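Report on one structure; see the data block that follows.
Each value in this text was obtained by applying a stated rule to the coordinates, not by laboratory testing. Computed from a predicted model, the values in this text were never measured in an experiment. Using ideal geometry, Cβ is built from the backbone for each residue, glycine included, and neighbour counts are taken over all protein chains shown.
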Amino acid sequence: MIALLVRDLRLAVRAGGGFGLSLAFFLIVTVLVPFGVGPEGGTLARIAPGILWVGALLACLLSLDRIFALDFEDGSLDLIATAPIPMEAVVTMKALAHWLTTGLPLVLAAPVFGVLLHLPGPAYFWLVVSLALGTPALSVLGAFGAALTVGLKRGGLLLSLLVLPLYVPTLIFGAELIGRGAEGSSTATPLMMLAGITAATVALVPFAAAAAIRINLR
Amino acid sequence: MTMAPLISVVDLAVARGGVAILEGVHFALSAGRALVLRGPNGCGKTTLLRTIAGLQPPLAGHIEAMPDSIAYASHADGLKATLSVTENLRFWAAIYGQPKRVDPALAAMNLDALAARAAMSLSAGQKRRLGLARLLVTGRPVWVLDEPTVSLDAASVALFAAALRAHLATGGAALIATHIDIGLDEAAVLDLTPLKARAPAAGGAGGGFDEAFA
């Protein structure tokens, strides 16, 4: 299992692996929004939590189809499916590798990008907390979508449409958490909802994704 | 031979895309034996092998094998282009928990000189040899091989045959779909042509659409 994680991380940082793509996309969104909205700090500060979360979510979406499609195309997925590791573990490891290469860089870079959007001071802590808590759910749900569309050529469109509605709860509570953090009001409810969604997703979705892969490999 | 077979297939019917294509497949392989599957393109060799490897459920009949005894090699080698030959092999060795088998496997398939090369710079035949070296690191007794000799030259086919013989000699078994003669005289041959599935109306096993959700 660790071998699979190491291999995926190694593939991601090698040429053509797509590491940095999401980060670059996130950067583009946060740089361009102030140009589009106008430079008044008040407006930007108000929409910053939403923009940062939407940016992170779309950046995450960008690399989802790589999770299983590449392994499917070169035949590794067939071979992994016949190997002595359960498919649920494969899904979990692949989602973890996806999170480490896209989610984690976003979490770490978000405070820097928050400056570009005039994010108010108290919100930075909550920005990092909400992304750190929410992005694992994005990766796992994305792995589920990738598992559903693994046999399809150019399944990216279908994948995005399947996954976007599943991302909505995370987006709502994630942005709400930053917003409340910025105002200084109580953050307990969105924090618990966000953590709960992630915990449930990480615990349950790998089973669904594994079942989807087994059916797609037939 | 009186010992229990490593794998036995009883009255197996397989389907592709919901259509039954083979039925009544029946054989058993004991240690040290190889079986070559023959038949024209599209007769169901790959589907049969995928079913035996556990990638899809059989339509009828059953497959008896020890759990975790089958190593499957498909048309595709499952190589990662940006990883080196050794890294590719080490990954599979780690997955199968056999890290010590990497070096002997490289030597057996004559890949020593290429060990540090990225898989993307290998020729088709060299990739295939690396794909076959993967079998050696699995440490599993039953090899299920789909066209293992595609794009191999005569010398590499001989290399593969030698590896196969060594595997059989150490108590392994192999099931091979191939069109060419791999020089394995002791292997039995099963021609799949007469086992083509009959239409359901003629008493064949029907491959329903629901099969996908079974």
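Listed values, structure above:
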item: Region B:31-71, subset aliphatic (A, V, I, L, M) and outside any strand (DSSP E or B), residue farthest from the other protein chains (Cβ to nearest Cβ); result: B:A31
item: Scan of region A:18-41 for residues that are small (G, A, S) and without any contact (Cβ under 8 Å) to a residue 40 or more places away in the chain, ordered by number; result: A:A24, A:G36, A:G38
item: Residue tally, condition in a helix (DSSP H, G or I), within 14 Å of chain A (Cβ to nearest Cβ) and under 24 Å from B:L49 (Cα atoms), over region B:72-122; result: 6
item: Residue match in region B:112-121 (condition: under 19 Å from the mean Cα position of the chain (by Cα) and in contact (Cβ under 8 Å) with a residue 40 or more places away in the chain); result: no
item: Tabulated pairs, region A:71-85, first within 7 Å of another protein chain (Cβ to nearest Cβ), second charged (D, E, K, R), C-beta under 6 angstrom, 6+ apart or interchain; result: A:P84/B:D68
item: Which listed residue, of B:L184, B:L190, B:L135, B:L168, is assigned to a strand (DSSP E or B), in contact (Cβ under 8 Å) with a residue 60 or more places away in the chain and under 16 Å from the mean Cα position of the chain (by Cα); result: B:L190
item: Of residues in region B:66-79 being in contact with a strand residue (DSSP E or B) (Cβ under 8 Å, 6 or more places away or on another chain) and either surrounded by 20 or more Cβ atoms within 10 Å (Cβ to Cβ) or without any contact (Cβ under 8 Å) to a residue 12 or more places away in the chain (or both), the one nearest to B:L132 (Cα to Cα); result: B:A73
item: Residues (in a loop (DSSP other than H, G, I, E, B) and either under 23 Å from A:W99 (Cβ atoms) or under 12 Å from the mean Cα position of the chain (by Cα) (or both)) located in region A:30-65; result: A:S63, A:L64, A:D65
item: Some residue of region B:137-156 being of a type in the set (V, I, T), closer than 18 Å to B:L49 by Cα and surrounded by fewer than 19 Cβ atoms within 10 Å (Cβ to Cβ); result: yes
